1. Out of 25, 40, 92, which single residue is aliphatic (A, V, I, L, M), in a strand (DSSP E or B) and within 12 Å of the chain's Cα centre (by Cα)?
2. Filter the range 38-76 down to the residues that are of a type in the set (Gly, Ala, Ser) and in contact with a helix residue (DSSP H, G or I) (Cβ under 9 Å, 6 or more places away or on another chain), then identify the one that is surrounded by the most Cβ atoms within 10 Å (Cβ to Cβ).
3. For the range 106-116, what are the residues that are buried (at least 17 other Cβ atoms within 10 Å of the Cβ) and either more than 14 Å from residue 64 (Cβ to Cβ) or at pLDDT below 75 (or both)?
4. Here are the criteria: (1) free of Cβ contacts under 8 Å to residues at least 24 places away in the same chain; (2) assigned to a helix (DSSP H, G or I). Tell me which single one residue 85 does not satisfy.
5. Going through 16, 21 one at a time, which residue ends up being out of contact with any strand residue (DSSP E or B) (no Cβ under 6 Å at 6 or more places or on another chain) and either modelled with pLDDT under 85 or of a type in the set (Gly, Ala, Ser) (or both)?
Amino acid sequence: MRKSVKLWFKKNRKWVVAIVVPIMLIAMFLPVIPSNAVRLCIFESGHPIAALFSGPRKLPKSEIKYYSGNKQQMYYQVNVPFETESADIDVLTVNRTANQQVYQKYVAHLSIALGP
């Protein structure tokens with residue numbers, strides 16, 4: 001049985017890759033969790049490579065005071081800073097939209113450094 005599965009994957013490798021890779025990319029950008037909303041915002045800003053390798057992580061509350069935005073929001077820092085017209089961005093704010101019945105949707109916005 002094990003050899004037959006390996007043989008099947010070997011024969012159909014192109015089809016499996018052609019189906020799995022697009023599904024994984026779409027799943028990375030669905031804004032159902034905050035980190036995906038951050039990736040989608042970066043992608044919409046015109047930086048697809050930075051969106052793939054961003055690796056968003058939640059910013060500690062002690063550093064929130066240095067960034068613009070409502071302090072009630074969640075702040076996420078990305079590993080790959082990207083440029084906009086006004087500044088380099090490495091922190092984004094994330095809001096949860098109105099509670100949905102099926103899933104929760106998050107929306108990310110760019111946040112600019114205000115202080116040191």
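The values are calculated or read from the model by the stated rules, or taken from the named source; none is laboratory data. Everything quoted here is computed from the prediction, not taken from an experiment. When we count neighbours, we look across all protein chains shown, and the Cβ atoms used for this are built from the backbone with ideal geometry, even at glycine.
1. Numbers: 25 fails: in a strand (DSSP E or B); 40 fails: in a strand (DSSP E or B).
The unique qualifying residue is 92.
2. Residue satisfying both the conditions and the ranking: 54.
3. 106, 108, 110
4. The failed condition is (2).
5. Going through 16, 21 in turn, just one is out of contact with any strand residue (DSSP E or B) (no Cβ under 6 Å at 6 or more places or on another chain) and either modelled with pLDDT under 85 or of a type in the set (Gly, Ala, Ser) (or both): 16.
Here's the yes/no breakdown for (1) closer than 23 Å to residue 95 by Cβ; (2) in contact (Cβ under 8 Å) with a residue 40 or more places away in the chain:
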position	(1), (2)
15	no, no
29	yes, no
54	yes, no
59	yes, no
68	yes, yes
80	yes, no
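For (1) modelled with pLDDT under 85; (2) under 21 Å from residue 110 (Cβ atoms); (3) not charged (D, E, K, R), each residue gets a yes or a no:
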{"residue": "4", "(1), (2), (3)": "no, no, yes"}
{"residue": "33", "(1), (2), (3)": "no, yes, yes"}
{"residue": "47", "(1), (2), (3)": "no, yes, yes"}
{"residue": "58", "(1), (2), (3)": "no, yes, no"}
{"residue": "63", "(1), (2), (3)": "yes, yes, no"}
{"residue": "69", "(1), (2), (3)": "yes, yes, yes"}
{"residue": "72", "(1), (2), (3)": "yes, yes, yes"}
{"residue": "89", "(1), (2), (3)": "yes, yes, yes"}
{"residue": "94", "(1), (2), (3)": "no, yes, yes"}
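Residue-by-condition table, conditions (1) over 22 Å from residue 114 (Cβ atoms); (2) of a type outside the set (S, T, N, Q):
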{"residue": "11", "(1), (2)": "yes, yes"}
{"residue": "29", "(1), (2)": "yes, yes"}
{"residue": "66", "(1), (2)": "no, yes"}
{"residue": "71", "(1), (2)": "no, yes"}
{"residue": "80", "(1), (2)": "no, yes"}
{"residue": "97", "(1), (2)": "yes, no"}
